[in-house]
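A short worksheet on the structure shown next.
The values are calculated or read from the model by the stated rules, or taken from the named source; none is laboratory data. Treat the numbers as computed from the prediction; the structure is a model and nothing was measured. FYI the Cβ positions are ideal-geometry reconstructions off the backbone, even for glycines, and counts take in every protein chain you see. Just the protein is used for accessible areas: all its heavy atoms, side chains included, with ligands, DNA and RNA removed. Shrake-Rupley method; radii C 1.70, N 1.55, O 1.52, S 1.80 Å.
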Amino acid sequence: MQIVIFGANGSTGRLLTRRVLDAGHSAVAVTRRPNDFPITDPRLTIAGADVRSDGLAGIVAGADAVLSTLGVPFTRQPVDTYSVGTRNVVNAMRETGVNRLVVVSSTGAYPAPGPRHAPLLLRLFEPIITRTIGKTVYDDIRQMEALVRESGLGWTIVRPSGLFDLPEGTNYVAGETDPVGAFTARIDLADYLVKLAQDGTARGNTVVVSTTEHTPTVWEMIRREAFKNDAQPTIAAPVTRAAERRVVG
C-alpha cells in the first residue's frame, strides 16, 4: 500500500510513519519542515507542504489511504488548523479519486459521562480544560469531524484520550466502544491507524483507542501539559460510545 500521512512530523506522526514502513508499506510523510524529518527509508517520500494551503492533489494522487494526525497545542487564540487543513485534504482526495481517509480527533471534543476506570482527578479537571485552554482546539476538532462526515469519502474518525509516550505497544482497547481509563499511548494509536488503513474496517464510523497498561498519573500529565510547547492536546475529556469492544495489538 501507499499511505500518505499528514502531520507526519509531530510526535504521533513520526511513530505512525515508522509503523507504516515497518508494516511493509510505502509512506509519503507530509510536513512543512521536510529538512527536519528524522526518518529515512527507501520506501519513504518526504513531501514539503502546508496542509493549510491548496494544491495537495499531487501529494495524495495514487494513495491507497490517507492518514491525518494533525495537531496543535492548547491556546486561547482562535484555531482552524484541523478544519482548514482537513478541508484541503478532502478536496485533494476528491480531485484525485482517493477514497480512504482516517483522521485523529480527540475524546476531549465530546465530553460525556466518564469512561470506565477514569481517575476522579481527571473528572474534576476536564470541564475546566475543555472550557478554557482547550476550548478553541476542541471547537475546531468538532468542525473537522463534521467536514469528514460530510465528505462522501470512506472515512474513519479515531478519538484517542490523553496522549502519552511508551517505548513499546500494549494490548490496547480499540473500536466502537466506550473509552477505558483516560489515556492513549501514541505508539498504540499509531498501530491502530495502520490497522485501519490496512483492513479498511470502521468505514463511516467513529472509534476510540484506550491504553490500559503502564499509564501515567493525571498529575504527571498535567505537569507535562504545563511545560509543553508543540504537540497535540493530551488532556482529553471522555466520550461515550456504546457498541463493540475489541482488543487489538
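Does LEU21 count as of a type in the set (A, V, I, L, M, F, W, C) and in contact with a helix residue (DSSP H, G or I) (Cβ under 7 Å, 6 or more places away or on another chain)?
On the way: of a type in the set (A, V, I, L, M, F, W, C): yes; in contact with a helix residue (DSSP H, G or I) (Cβ under 7 Å, 6 or more places away or on another chain): no.
No, not satisfied.
Residues that are buried (at least 24 other Cβ atoms within 10 Å of the Cβ), more than 30 Å from ASN91 (Cα to Cα) and free of Cβ contacts under 8 Å to residues at least 60 places away in the same chain within the stretch 137-183 comprise just one, PHE183. Applying a threshold of 6 Å to beta carbon distances and a minimum spacing of six or more residues, or different chains, the list of pairs starting in the stretch 41-70 at a residue that is of a type in the set (Asp, Glu) and ending at one that is open to solvent by 30 Å² or more (accessible area, probe 1.4 Å) and not in a loop (DSSP other than H, G, I, E, B) reads ASP64/GLN2.
Every test in (1) open to solvent by less than 10 Å² (accessible area, probe 1.4 Å); (2) modelled with pLDDT under 95 is passed by LEU189 save one, and that test is (2). Note on the stretch 16-43: residues that are in contact with a strand residue (DSSP E or B) (Cβ under 6 Å, 6 or more places away or on another chain) and open to solvent by 60 Å² or more (accessible area, probe 1.4 Å) amount to 1. Go through the residues of the stretch 1-15 one by one and say whether even a single one is surrounded by fewer than 21 Cβ atoms within 10 Å (Cβ to Cβ) and either among the basic types (Lys, Arg) or touching a Pro at 6+ places or on another chain (Cβ under 8 Å) (or both). Looking through the stretch 1-15, none of the residues is surrounded by fewer than 21 Cβ atoms within 10 Å (Cβ to Cβ) and either among the basic types (Lys, Arg) or touching a Pro at 6+ places or on another chain (Cβ under 8 Å) (or both).
Counting the residues of the stretch 56-90 that are open to solvent by 30 Å² or more (accessible area, probe 1.4 Å), under 21 Å from ARG100 (Cβ atoms) and not in a helix (DSSP H, G or I) gives 4.
The residue of the stretch 192-209 that is farthest from ALA29 (Cα to Cα), among those that are in a helix (DSSP H, G or I) and open to solvent by 20 Å² or more (accessible area, probe 1.4 Å), is ASP199. Give me the residue from the stretch 210-239 that is under 20 Å from LEU16 (Cα atoms) and at pLDDT below 50 and, out of that set, surrounded by the fewest Cβ atoms within 10 Å (Cβ to Cβ). That would be ASP230.
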